[in-house]
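A short write-up of the structure that comes next.
The values are calculated or read from the model by the stated rules, or taken from the named source; none is laboratory data. On a predicted model such as this, the values are computed, not experimentally measured, just so you know. Every residue, glycine as well, gets a Cβ built from its backbone with ideal geometry; the counts of neighbours run over all protein chains shown. SASA here: full protein model, heavy atoms, side chains in, ligands and nucleic acids out. Shrake-Rupley method; radii C 1.70, N 1.55, O 1.52, S 1.80 Å.
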Amino acid sequence: MGPRNHGLMVKGADADSNDSTYRGQFAAWPVGHEDQRAEQFGYSYGGALSKLDWDMSQYPHGTVVAWTARAYDDHDFSPWAEPCYVKVDAQRPAAPVVTSEKYPNDGLPHGGSGVPGTFTFKANGSPDVVGYYWGRFGDAYHYIPAPSPGADVTLEYTPTSFSDSLSVRSVDSASNSSETVHYEFRVKSTAPQVEVTMAGIGLPSKLAVSTNVEGVTEFGYRIGDGAEARVPVNPDGPTEIPVTFAEGGLVKVEVRSYAGSELVGGYTENVSVRDLPTVESDDFDFPEHDGVVDRPGTFTFRPGRTGVVAYEYTFGGGDLLRIDAAADGTAVLRWTPTEGGWHVLNVRSISADGTVSETQERQFNVIDTKPYVSSSTYYENGAWGGVGIPGEFNFDTGMPDVDAYLYRLNDGPEQIVDPDYSWARVTLTPDRSGSNTLTVRTRFQDGSFSPTRTYTFEVSDAPVVTSEDYPENGEGGQPGQTGRFTFNPGRSGVTEYRYVLEYTGEEQVVAAGADGRATVEITPTHSGYTLLTVTSRTADGTVSPERRYYFRVRDARVNVSSAYDEYSPRGGIGSVGTFGVYTEISEVTTFEYQLNGGAWQSVPKKPDALATDITVTMDRNGANLISVRGRTAAGDYTPQTDYPFLVGTAPLVSSGTYPADRWSGGVGVAGEFTFTQGSPGVTEFEYTVEDGQPVTVAANAAGVATATFTPTSAGSYSMRVRGRTADGVWTDTTSYYFLVNYS
């Protein structure tokens, strides 16, 4: 028995018919050592049976193990059964020896691709070997039993590649496996080259067979489970062998090369046999030949199986159409495309017995002789833009030799635009609402013209809004600055306009002038994007669609950002704080600021930066306030922004030898560090470097102390410093980072 888990089982029986499920208790010990007896409870295994997996690897090799069991139910235990005995075999067999006369592992090529060889597996002196596992290139998973313990076995194996490897391990009667042996060998490249031309099911196909091995006199071939047939080698080129595949699916094709009666090489391939019809066309053959709209062409359908009498086809997934086949099973479909672009043709054959083949799909491109027209402003579906709103229109074509595009909007004059390669772009401004027509044709280099493409689009009759003060989707004035907005009619007969500014919600009415226009003044009170909704009305009360006009009102305030804020104290007296200031008012040239109501100071606005930095030195602990305003070159001020923040009590730390966050000094170079109180009344400082012990130094009357530290290694250091007042109150802690040079 091998050193692994083995299943122990006990079967219980009881005169009490009410008990049908039993469990087992198991015990085992090395013979002669009952003091090592161990007991475990098993689990129910099918009613009266109970099972337990017992780990035999805990016993040394050669140990005889006694084991016994007893059954029990909810009421009683049975007596222990008479012991059973097993012997632990923990001895792995020796690694097997692998040999082959046909394919020795001497590093030289032997035999040939597809030529079988015999491989012998030897037990290598292990008398209890009962079989061998083998496989290719790694794990061994096929099993061959030995005819008797310790006996050799032989394997017939056919290599198919120029380099091969067999992995072999032996197994003894206790299921112990040997180490895996990897037997590597090389194979002559003698396999014939085979090209299969597949015609379909039941139709004449062929094999084109050739070889680079001298002396080959004939080829043998076998289709599926059929018998091997042989043909002589064609000395002038590939040997063509007619074959017929009677059924669809994967079919094995085997071809062998013979030099007289000697097998010198073999080739095996699983061929997919399908009954897909073949679709051919000289007119619609992407990418060599594209179809052209209104130019007729043909498709030829050829059968993929015998007995085809008709074909069913569809373009683009529409209804299936049927065309009868000729006597040879082919059919010719004549077709004239009416639309350009990519097309998909699906075809299947119908046999006389009603068999329907697989569906063949063919994709091809059709060029429209008319130019293509598109617009991202005025689409063909829906109403877009408005009177006086320009839009871009793109022209393109799949035809070659483009010279120019000629286009006309409505009844206007025809105009010309030169292409960039094959495409061109123009900007057109509709002068009427409702349906508009753009006609475009292509002029080719030979002076001929394409048919005309008509592109019809709908222009919205909603009023058009313009404003120089607050341009649409652009930035205008600021809150409180009045802007002029002009409403232009999108239709004739407009007598009034009604408009709503989104944050007021109040509808305003203004009469239209004789030209249908109206101008209003609006004073925004809020910054940010603003929506102005406008409709027009005619004398008969007809209401136009809405025009939604978005414009942006600049925020006049100065925005302030800083690591200092009003929620968490930072730094201390004497620390320097940076405040980034920004305003949307581009006319501002200078920022002015004051700290805690002190004198106003100024910094020029950075012209090319998003924000301008203001630095101040803190002069008090606790609540602080910085006030900022912008000033234009004309002397106008923005509203004042007050930014509150908290200043902590942390001391300042400085060093000439080891400046903060810089590489300096070196190992063994002493550095002097100066501590300055961050709040009044500090009498001493405590500092700690990395994980070292805290050190205390006394402060002078000005609240300043110095300390010396000598680094013992290069790299980064962190010094933490805090102060303490005479009454024992600790200040905030400052973390000071410095870097020590490696050399």
Consider segment 587-610. How many of its residues are farther than 20 Å from Val647 by Cβ and open to solvent by less than 80 Å² (accessible area, probe 1.4 Å)? 9
Suppose we keep only residues that are polar (S, T, N, Q) and out of contact with any Ser or Thr (no Cβ under 6 Å at 6 or more places or on another chain) within segment 439-487. Which one would you say is nearest to Leu531 (Cα to Cα)? Asn473
Of the residues in segment 63-80, those that are buried (at least 16 other Cβ atoms within 10 Å of the Cβ) and not aromatic (Phe, Trp, Tyr) number 9
Out of segment 95-113, which residues are surrounded by 15 or more Cβ atoms within 10 Å (Cβ to Cβ) and farther than 25 Å from Tyr133 by Cβ? Pro109, Gly112, Ser113
Go through (1) among the acidic types (Asp, Glu); (2) assigned to a loop (DSSP other than H, G, I, E, B); (3) at pLDDT 95 or above for Glu496 and report which single condition fails. (2)
Assess whether Phe591 counts as being in a strand (DSSP E or B), aromatic (Phe, Trp, Tyr) and under 19 Å from Arg570 (Cβ atoms). no
I'm trying to understand the selection: among the residues of segment 526-559, which are closer than 27 Å to Leu610 by Cα and open to solvent by 30 Å² or more (accessible area, probe 1.4 Å)? His526, Ser527, Tyr529, Tyr550, Arg552, Arg557, Asn559
Based on what the data block shows, is Asp418 among the acidic types (Asp, Glu), more than 45 Å from the chain's Cα centre (by Cα) and open to solvent by 10 Å² or more (accessible area, probe 1.4 Å)? no
Apart from one, (1) open to solvent by 60 Å² or more (accessible area, probe 1.4 Å); (2) within 49 Å of the chain's Cα centre (by Cα); (3) at negative phi all hold for Ala660; the odd one out is (1)
Hey, could you check segment 231-257 for residues that are among the hydrophobic types (A, V, I, L, M, F, W, C) and outside any strand (DSSP E or B) and say which is surrounded by the most Cβ atoms within 10 Å (Cβ to Cβ)? Val233
Filter segment 694-733 for residues that are open to solvent by less than 70 Å² (accessible area, probe 1.4 Å), outside any loop (DSSP other than H, G, I, E, B) and either more than 19 Å from Val682 (Cβ to Cβ) or without any contact (Cβ under 8 Å) to a residue 24 or more places away in the chain (or both) and give the result. Val695, Val697, Phe709, Gly715, Tyr717, Ser718
Output for segment 194-230, where each listed residue is of a type outside the set (Asp, Glu) and open to solvent by 80 Å² or more (accessible area, probe 1.4 Å): Pro204, Asn212, Arg222, Ala227, Arg230
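Condition check ((1) open to solvent by 30 Å² or more (accessible area, probe 1.4 Å); (2) at positive phi) across all residues:
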| site | (1), (2) |
| --- | --- |
| Phe364 | no, no |
| Tyr372 | yes, no |
| Gly388 | yes, yes |
| Gly412 | no, no |
| Ala424 | no, no |
| Gly447 | yes, yes |
Being outside any strand (DSSP E or B), of a type in the set (A, V, I, L, M, F, W, C) and touching a strand residue (DSSP E or B) at 6+ places or on another chain (Cβ under 7 Å) is the filter here, so list the residues in segment 594-620 that pass it. Trp600, Leu610, Ala611, Met618
If you check every pair at least six apart or on different chains, which have Cβ atoms under 7 Å apart with a residue in segment 327-340 that is farther than 30 Å from Tyr372 by Cβ first and a residue that is β-branched (Val, Ile, Thr) and buried (at least 17 other Cβ atoms within 10 Å of the Cβ) second? Gly329/Val308
The lone condition Val459 fails out of (1) at pLDDT 95 or above; (2) hydrophobic (A, V, I, L, M, F, W, C); (3) farther than 30 Å from Gly483 by Cα; (4) under 46 Å from the mean Cα position of the chain (by Cα) is (3)
Among the candidates Ala623, Ala650, residue that is assigned to a loop (DSSP other than H, G, I, E, B) and either surrounded by 11 or more Cβ atoms within 10 Å (Cβ to Cβ) or more than 50 Å from the chain's Cα centre (by Cα) (or both): Ala650
Note down all Cβ pairs under 8 Å where the first residue falls in segment 583-605 and is in contact (Cβ under 8 Å) with a residue 60 or more places away in the chain, the second is open to solvent by 60 Å² or more (accessible area, probe 1.4 Å) and assigned to a strand (DSSP E or B), and they're at least six residues apart or on different chains. Glu584/Glu475
Number of positions in segment 116-147 that are in a loop (DSSP other than H, G, I, E, B) and over 46 Å from the mean Cα position of the chain (by Cα): 9
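Yes/no matrix, rows are residues, columns are (1) without any contact (Cβ under 8 Å) to a residue 12 or more places away in the chain; (2) in a loop (DSSP other than H, G, I, E, B); (3) of a type in the set (Val, Ile, Thr):
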site: Gly354; (1), (2), (3): yes, yes, no
site: Lys370; (1), (2), (3): no, yes, no
site: Val373; (1), (2), (3): no, no, yes
site: Tyr379; (1), (2), (3): no, yes, no
